[in-house]
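The values are calculated or read from the model by the stated rules, or taken from the named source; none is laboratory data. Every value quoted in this text rests on a predicted model; they were computed, and no experiment measured them. All Cβ positions, even for glycine, are placed from backbone atoms using ideal geometry, and neighbour counts span all protein chains on display. For accessibility, only protein heavy atoms count, side chains too; no ligands or nucleic acids. Shrake-Rupley method; radii C 1.70, N 1.55, O 1.52, S 1.80 Å.
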Amino acid sequence: MTQRLWAPRAWLDGRWCDRVLLGVDVDGCWAEVEPDVAAPEDAETIAGPVLPGLVDAHSHAFQRAFAGLAERRDGAYDDFWSWRDRMYGVALRITPAQLRAIAAHLYVELLAGGYTQVCEFHYLQHDLDGSRYADPAALSHALADAASDAGIGLTLLPVLYERAGFTAPELRADQRRFATGVDDVLALQQAIRRPLVNAGVAVHSLRAARPESILALAERSHGPLHIHVAEQTAEVDDCLAATGCRPIEWLARHAPLDQRWHLVHATHSVAAEIDAVAARGAGVVLCPGTEGNLGDGLPDLPGWLAAGVPLALGSDSQVTRTWPEELRWLEYGQRLGLRRRNVSAAPGAEPSTAARLFERVRAGGAAAAGFAQWGFQVGARADLLVVDPSDPALRGLPADHLLDGLVFTAPTRPFARVMVAGRWRALHHEGIATRFGDAMQTLWSPGGTPTPHE
Ligand SMILES: [Zn+2]
């Protein structure tokens, strides 16, 4: 045991417990979790209630440089596809040093937003002209360096990206930095070995990878396997036209879906697809802030919840970077669509919307990042969030409603302190903030890069 903490309240097994002793071992994991004990003399007393950190299960860190830059409409119509073309303007010119600066700032923000692990769905691989870097993992290293700079855990998911569409055998010229085959992805999965970093693999989408490659990658890789699926109705239509199946249906029929698989978005689903995913044990990663920003549509959240499918959250395009806000958007989308309240609650067993969603994404996020254990359990990594009960939005809230308040009263800085693997992490870092500002200035200065409207 290297350190002991004592919290007045902690979230154990889906509920608040009082007077909880938490011991950390030399590996940065919980060695002791004990409620209802007096504070031992050798323990550090924590000033507020504590929650487990959560996993941000879907991130494209470089898109942090684009947040706030796509919120104007110059033409008659703007949708996901026009956003994507503009986003490629960033993808086409960001350098490894800029990626590290952008990602490090993002990761500090994610820590402050209550995430202690981030899954990078990493498809930006090559130099600006599409040629390979001397070290093909140069941009993976930039992300791992950024995670070390910030002190967040990182699950790298190198992405299989082969073609521009179901009927387009090649990538487009503006996708040249993404090109990978199965062997590339497998090599990238092995490339980074350092503390707080693990790796799975990803398939960009059914439209961007050949079926035989998807099956080969699933066969030859290990760890979590993520795929964007059914985010856009156009993708559903194209998949139906090309294969005769809807995207999730195709995966259920043709891919070895199991607990390794995490379907990102899965926005456009039908009941039979939800049943098939549930039967195979695969998970779903929802990105409510981004899905709202991009006008993707609303997922069948009641369907996924009722089927018991593991759910996780992702910050995706980085327009939102705190899990309380993601959960708020997730539930509000359902309320607006269904004209009901507390859609995600389960009366009787789990009447709190926030608590039910939190527990689901705690477990589902851990699986998406390849962790067998997560939260205040002996053996799990020693990550925690100290809630700041003096935040104006939380002040005076009855203790049992703290999680409800975190999600639905919109505190601006809900977490006073954040621990990852037994170490407190800085929630503001002047050097990281400065390097981010410098990178943004270089990326967006007139003449420096294409503007998002070019
Ligand atoms: Zn994505």
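What the Cβ-Cβ distance of residue 25 and residue 78 gives, at R0 = 60 Å and to the nearest 0.05, is a FRET efficiency of 0.70.
Legend: residues 33, 361, sorted from most to least accessible area (1.4 Å probe; ligands, DNA and RNA excluded), read 33, 361.
Of 56, 149, 74, the residue with the largest accessible area leads and the full order is 74, 149, 56 (1.4 Å probe). Calculate the FRET efficiency for residue 233 and residue 444 from the Cβ-Cβ distance with a Förster distance of 30 Å, rounded to the nearest 0.05. Efficiency at R0 = 30 Å is approximately 0.40.
Model label sites at residue 349 and residue 335, defined 7 Å from Cα along the beta-carbon direction, differ in position by 2.4 nm. Once the Cβ-Cβ distance of residue 174 and residue 2 is raised to the sixth power relative to R0 = 35 Å, the FRET efficiency obtained is 0.10. Per-residue surface analysis assigns residue 123 an accessible area of about 10 Å², computed on protein heavy atoms at 1.4 Å probe radius. Of the accessible area of the range 330-454, computed with a 1.4 Å probe over protein heavy atoms only, carbon and sulfur atoms account for 55 percent. For the chain, the longest principal axis of the Cα atoms and the long axis of helix 96-112 meet at an angle of about 30 degrees. The mean sequence distance of close C-alpha pairs (under 8 Å, at least 6 residues apart), as a share of the length of the range 63-198, puts its relative contact order at 25 percent. Once the 1.4 Å probe is applied to the protein heavy atoms, the chain comes out at 39 Å² accessible per residue.
To the nearest 10, the accessible area of residue 317 is 10 Å² with a 1.4 Å probe.
The apolar share of the surface of the range 111-213, taken as the fraction of accessible area on carbon and sulfur atoms (1.4 Å probe, ligands and nucleic acids excluded), comes to 54 percent. Here the relative contact order of the chain, from alpha carbon pairs under 8 Å that lie six or more residues apart, stands at 20 percent. Per-residue ellipticity at 222 nm from helix content only, as computed over the chain with -39500 (n - 2.57) for each DSSP H run of at least four residues, stands at -10500 deg cm²/dmol. Rolling a 1.4 Å probe over the protein chains gives residue 50 an accessible area of about 0 Å². Tilt of helix 182-191 relative to the longest C-alpha principal axis of the chain, in degrees (0 to 90, nearest 10)? Rounded to the nearest ten degrees, it is 30. Of the accessible area of the range 246-300, computed with a 1.4 Å probe over protein heavy atoms only, carbon and sulfur atoms account for 50 percent.
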